[in-house]
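The values are calculated or read from the model by the stated rules, or taken from the named source; none is laboratory data. It should be emphasised that the depicted structure is a prediction, and the values quoted were computed from it without experimental measurement. As a convention, Cβ positions derive from the backbone with ideal geometry for all residues, glycine included, and neighbour counts pool all protein chains shown. These accessible areas exclude ligands, DNA and RNA; they are computed on the full protein's heavy atoms, side chains included. Shrake-Rupley method; radii C 1.70, N 1.55, O 1.52, S 1.80 Å.
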Amino acid sequence: MLLTAANVVSDNLDNVVTAWPDFDRLHPFYYELADAIVDANELRQHLSELSWASEKATDIRHEYESRLSGDRETATKFRKQAFARIADVVEEIEDDLLAVGEAREQLRGLPDIRPDEPTIVVAGYPNVGKSSFVNTVTRASNKEASYPFTTTQIHVGHVENNHIRYQLVDTPGLLDRPPEDRNEAESQAVSALEHAADVVLVMFDPSGDCGYPLDVQRALRDDIVGRFDVPVLTVYNKMDRCEGEKPDDGDYFMSVAENENVEAVLGAMIEAVDYEPELPIEDNR
Ligand SMILES: Nc1nc2c(ncn2[C@@H]2O[C@H](COP(=O)(O)OP(=O)(O)OP(=O)(O)O)[C@@H](O)[C@H]2O)c(=O)[nH]1
Ligand SMILES: [Mg+2]
């Protein structure tokens, strides 16, 4: 009975610990995102308490095993004592167990962004047409997963080109306002995106509909250029609403509403990603 009780406690706690990915080997994208949601150091601490408790349960078993060989009455007394001590150990880690369970719930909905897949991040102020663009180009293969990140959601859509799958990440609430307006978790989500992005599309609305003047939109782009270590392309949308000269700081001009130049913009993004799939090395023997 003691052997079984100690093993059940010890094995279950070990399973909880080993079921967590090794934080040190996690892709930086997921590390940053996870750390923004649950403090990774605190979580490590909780998990190490569980490991401690697991070992402790085994220790108690070893300590009492030899004492159980005596007469029945003494053995029963020791067995109860051992049970009580194991129960104390479990009680001692109650808070850690609760915290680990809560962290698991919070992390369960992490967006399905594959950091190793070529990734196009779409940024820009609210209402400039980001979602319209992502929805248009991902129409067929649009498996959109959204994730409630603090006040906002990250949407992920996919397109395929030359048998390579590209993910488009639409990030309302994250890359659509000045850095000083972001809370800590949101800033960290932005750093996570820095690890995942292969190219950033900054979308401008020159029509004035979105409510943000162009110089404000440009300031956001300049912040993104400073942060991201990948090509950042400026795309003017809503060109159907604009007359006169094209602004000279645009890489591309389109109208999602009139489906004008949208595919070309997508093509340019894919080219900017410059993704080379890893091919198996040919064996010439
Ligand atoms: N005239 C015109 N309107 C457009 C164009 N593209 C998008 N819109 C409209 O602009 C509005 C905002 O578009 P969304 O795609 O929701 O913009 P968003 O950037 O995703 O906005 P948030 O999700 O709030 O950040 C919608 O009413 C669209 O129909 C365009 O090329 N021309
Ligand atoms: Mg949107």
Collect the residues in the range 204-246 that are at pLDDT 95 or above and of a type in the set (Phe, Trp, Tyr), keeping them in residue-number order.
PHE204, TYR236
Among the residues of the range 165-190, which ones are within 16 Å of ligand 1 (Cβ to nearest atom) and either part of a loop (DSSP other than H, G, I, E, B) or closer than 13 Å to ALA36 by Cα (or both)?
THR171, PRO172, GLY173, LEU174, LEU175, ASP176, ARG177, PRO178, ARG182, GLU186, ALA189, VAL190
Anything in the range 116-154 that is within 13 Å of ligand 2 (Cβ to nearest atom), surrounded by fewer than 22 Cβ atoms within 10 Å (Cβ to Cβ) and at pLDDT below 85? List them, or say none.
GLU144, SER146, THR152, GLN153
Whichever residue in the range 217-248 is within 22 Å of ILE270 (Cβ to Cβ) and more than 27 Å from the chain's Cα centre (by Cα) and, among such residues, is nearest to ligand 1 (Cβ to nearest atom)
ASN237
In the range 191-219, how many residues are within 17 Å of VAL128 (Cα to Cα), open to solvent by less than 10 Å² (accessible area, probe 1.4 Å) and in a helix (DSSP H, G or I)?
1
For the range 257-280, state whether one or more residues are acidic (Asp, Glu), touching a Phe, Trp or Tyr at 6+ places or on another chain (Cβ under 9 Å) and either in a helix (DSSP H, G or I) or within 11 Å of ligand 1 (Cβ to nearest atom) (or both).
yes
Got a sec? Which helices (runs of 4 or more DSSP H) wholly within the range 1-109 have at least 1 residues that are within 27 Å of SER191 (Cα to Cα) and touching a Phe, Trp or Tyr at 6+ places or on another chain (Cβ under 7 Å)?
28-37, 40-65
From the list ASP222, ASP209, ASP251, ASP215, which residue is in contact with a Leu (Cβ under 6 Å, 6 or more places away or on another chain) and of a type outside the set (A, V, I, L, M, F, W, C)?
ASP251
Does LEU175 qualify as being over 26 Å from GLU276 (Cβ atoms), buried (at least 22 other Cβ atoms within 10 Å of the Cβ), away from ligand 2 (no atom under 11 Å from the Cβ) and at pLDDT below 90?
yes
